[in-house]
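Here is the structure we will look at.
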Amino acid sequence: MIFIVDSGATKADWIALGEDGEQLFMTQTLGLSPEVLTKDVIIERLANNFEISKNSRKVKRLYFYGAGCGTERMRKFLKKIFKEFFPHAVPQVKEDTYAAIYSTTKIGKQGIVCILGTGSNCSYYDGHQMFQKVVSLGYIPMDDGSGNFFGRKLIRDYYYHKMPQDLANLFSGEYDLDPDVIKENLYKRPNPNTYLATFARFLIEHKDHPYCKGVIDKGFQQFVNNHIMQFELATKVPIHFVGSIAFYLKEELTAVIERNDLILGVIRQRPIEGLVEFHKETLAI
């Protein structure tokens, strides 16, 4: 059995393939970011999934693409856990950027591939190798244009009384904005970045409101300025996007891309289906 996994900060998609490449099943767990989770929490999330736990000893190869896997230390940390949970598997761990690349571009084709989901990222792919200009420092100082970026903006504007009153009333009606609840989730519970990203739903649902339009436009423009424009070929190659923020705000994102004379490529909500095709083509399974 082969597992192909695409793990964001919020959730992880798992597809199991037989040795002949036939899809056996698809399932989900909560996200498995090694930057914010302990070994015990990761193992618990694996064990709590019936299909994964039941088949743990049948897995021979594991291809894991995950948020928080950008450093060798984090990749080794996850590999050790996977070797323990899947005793007969040979695990490969790469950062989630590779999942986005493999699901949107073809080998030999150039492009800039961006992630706009719970977090954000941007890489240049020359058809064979990935290159990055910006080293991510995580959700607190970076993650421009992401779900947690927009969630943080909404909370700040609400508390600084910069959100229009009509929206503020709706916002407080949909979320528990008690200061103690917010601080509990940000400073004491796991996955504070995921918690912040839950507020982005409000922005998507009210995206036609002038305030929300401005927040979205400025957030995407900031992502273009700080990430995409770092690359000299930015205006010459297609710009691909993966992630829920890019998918649900594709019209707004398209407008910003076109305004900056960039070439829009593929916008995909989840890369997992494209990953399966990639592995079938490259691994001859």
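Things to note:
- Segment 150-198 - residue that is part of a helix (DSSP H, G or I) and among the aromatic types (Phe, Trp, Tyr) and, of those, surrounded by the most Cβ atoms within 10 Å (Cβ to Cβ): Phe150
- Hits in segment 230-282 - residues which are surrounded by fewer than 21 Cβ atoms within 10 Å (Cβ to Cβ), outside any helix (DSSP H, G or I) and aromatic (Phe, Trp, Tyr): Phe231
- All conditions in (1) touching a Ser or Thr at 6+ places or on another chain (Cβ under 8 Å); (2) over 27 Å from Thr10 (Cα atoms) hold for Leu233, with the sole exception of (1).
Yes/no per residue for (1) more than 20 Å from Asn226 (Cα to Cα); (2) touching a residue at least 40 places away in the same chain (Cβ under 8 Å):
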{"position": "Glu84", "(1), (2)": "yes, yes"}
{"position": "Thr105", "(1), (2)": "yes, yes"}
{"position": "Tyr124", "(1), (2)": "no, yes"}
{"position": "Ile155", "(1), (2)": "yes, yes"}
{"position": "Gln165", "(1), (2)": "yes, no"}
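- Residue in segment 131-142 that is at positive phi, in contact (Cβ under 8 Å) with a residue 40 or more places away in the chain and assigned to a loop (DSSP other than H, G, I, E, B) present: yes
- Some residue of segment 206-226 being part of a helix (DSSP H, G or I), among the acidic types (Asp, Glu) and over 24 Å from Val135 (Cα atoms): no
- The residue list Val41, Val36 contains one member that is part of a helix (DSSP H, G or I), touching a residue at least 60 places away in the same chain (Cβ under 8 Å), more than 16 Å from Gly274 (Cα to Cα) and within 22 Å of the chain's Cα centre (by Cα), which is Val41.
- Only one of the listed residues (Ile239, Ile257) is free of Cβ contacts under 8 Å to residues at least 60 places away in the same chain and in contact with a strand residue (DSSP E or B) (Cβ under 6 Å, 6 or more places away or on another chain). That residue is Ile257.
- Sole exception among (1) surrounded by 14 or more Cβ atoms within 10 Å (Cβ to Cβ); (2) out of contact with any strand residue (DSSP E or B) (no Cβ under 7 Å at 6 or more places or on another chain); (3) modelled with pLDDT under 95; (4) not basic (Lys, Arg) for Glu22, by number: (1)
- Residues satisfying the stated conditions in segment 1-33, i.e. of a type in the set (Ser, Thr, Tyr) and free of Cβ contacts under 8 Å to residues at least 40 places away in the same chain: Thr27, Thr29
The values are calculated or read from the model by the stated rules, or taken from the named source; none is laboratory data. Since the model is a prediction, treat every value here as computed from it, not as a measurement. Glycine also receives a Cβ, built like all others from the backbone with ideal geometry; neighbour counts cover every protein chain displayed.
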